[in-house]
Amino acid sequence: MMLSRDKIFSTEDYTAFISSFVLPMVAIAIFLGLWSASAKQVQTSLGQLPGPSAVFQQASNLVDEHFAEREKEAAFYQRQEKRNAAKLAKDPNAKVKIRPYTGKPTFFDQIVTSLVTVFTGFVLASLIAIPVGIITGLSNNLYKAINPVVQLLKPVSPLAWLPIVTMVVSAVYVTDDPMFEKSYLNSAITVMLCCMWPTLINTAVGVSSVDKDLINVSKVLRLGWFTKVYKIVLPSAFPMIFTGLRLSVSIGWMVLIAAEMLAQNPGLGKFVWDEFQNGSSNSLGRIMVAVIAIGFTGFLLDRGMLMLQRRVSWDKTAVLR
């Protein structure tokens, strides 16, 4: 028996397909068309503002440069291995040195550097903000005491934090054999200082909003403080906590790019600044590639937090919002 088309594809399926696929594609096509048309009307000191095709060409060039650099790196280590092998063949007791490759980081290397840095700052911020938010959310007096400090520090720009962090790290982190580069610590700590506040505030609000009946049940059952937090408070506050985490990771990503540009620390921000200073005819196109990469990476970070929220929270519809 043959099924009719209506039974295979319902009206809801068509509506979902249009809203989830067709409409975004139409919006992207309109955006690309407006971008292409308006770019032709803008002339800068470096030439015409690049349109989609020019940006795509520069993206292709960056990919080629990445693979070319990896080939140079592989050839460098091969030559080094041959030299060391020949040296050991002449003298088995000879000391050989393995020198690291010091070539220029590629565009994709800069992306990885920025991701590692923002992840470090975000994790440090979360490890501080979530416990403090839980404690302040459970104590109204403590919340009133800490809230003025939070409201004072929350609006501070990363451009203001960065010089202070740089000087403190330079004064405190003094060692002949550093485990981490100071530039990495400067960027990560700046991200931490700027992105912890949304998580702290949302955690405190989520914890303080837990149903009082559930708190009373924990008292009747004589649950310990940690058991109460783990079994009752956290599950109820998870949606608000993850809202704060999503805001924090987005803020952290924006803060990091600004910090890398200002301090010339390795990462996407430094790539953008170097291209701006370079001033070649291809610089605008390469900067636009970086802008798109920054936006797309931020989108993926947000989607990643939504997926994590759906896995650990009872609110399974969170990913749809």
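The values are calculated or read from the model by the stated rules, or taken from the named source; none is laboratory data. Small disclaimer: the values here were computed from a predicted structure and weren't measured. Every residue, glycine among them, receives a Cβ derived from its backbone with ideal geometry; neighbour counts consider all protein chains shown.
Quick notes on this one:
- Taking the numbered list (1) within 30 Å of Leu62 (Cα to Cα); (2) crowded, with 18+ Cβ neighbours inside 10 Å in turn, Ser126 passes all entries but (1).
- Within the stretch 266-282, residues that are touching a residue at least 60 places away in the same chain (Cβ under 8 Å) reach partners that are part of a helix (DSSP H, G or I) and of a type in the set (D, E, K, R) with beta carbons closer than 6 Å, at six or more positions or on different chains, in the pairs Gly267/Glu260; Gly269/Glu260; Lys270/Glu260.
- So Ile135, is it assigned to a helix (DSSP H, G or I), within 24 Å of Ser218 (Cβ to Cβ) and modelled with pLDDT of 90 or more: yes
- For the stretch 246-277, a tally of residues being touching a Ser or Thr at 6+ places or on another chain (Cβ under 8 Å), within 14 Å of Ile130 (Cβ to Cβ) and buried (at least 23 other Cβ atoms within 10 Å of the Cβ) returns 1.
- Only one of the listed residues (Pro239, Pro198) is within 28 Å of the chain's Cα centre (by Cα) and modelled with pLDDT under 90. That residue is Pro239.
- Leu300 vs. criteria without any contact (Cβ under 8 Å) to a residue 40 or more places away in the chain and within 30 Å of Ser236 (Cβ to Cβ): yes
- A search for C-beta distances below 7 Å between a residue of the stretch 202-229 that is acidic (Asp, Glu) and any residue that is outside any loop (DSSP other than H, G, I, E, B) and at pLDDT below 85, counting only pairs 6+ apart in sequence or on different chains, returns Asp211/Ser236.
- Helices (runs of 4 or more DSSP H) contained in the stretch 184-296 and holding at least 3 residues among the aromatic types (Phe, Trp, Tyr): 234-263, 268-278
- Against the test of being touching a helix residue (DSSP H, G or I) at 6+ places or on another chain (Cβ under 8 Å), surrounded by 12 or more Cβ atoms within 10 Å (Cβ to Cβ) and either at pLDDT 85 or above or over 26 Å from Met305 (Cβ atoms) (or both), the options Leu193, Leu214 yield a single qualifying residue, Leu193.
- The stretch 234-244, residues that are out of contact with any Asp or Glu (no Cβ under 9 Å at 6 or more places or on another chain) and buried (at least 23 other Cβ atoms within 10 Å of the Cβ): Ala237, Ile241, Gly244
- Flag for Ser60 being within 27 Å of the chain's Cα centre (by Cα) and touching a residue at least 24 places away in the same chain (Cβ under 8 Å): no
- If you filter the stretch 168-188 down to residues that are within 17 Å of the chain's Cα centre (by Cα) and not hydroxyl-bearing (Ser, Thr, Tyr), you find that the one that is farthest from Val116 (Cα to Cα) is Asn186.
- Any hit, the stretch 98-110, residues being over 24 Å from Ser236 (Cβ atoms), among the hydrophobic types (A, V, I, L, M, F, W, C) and either modelled with pLDDT of 90 or more or part of a helix (DSSP H, G or I) (or both): yes
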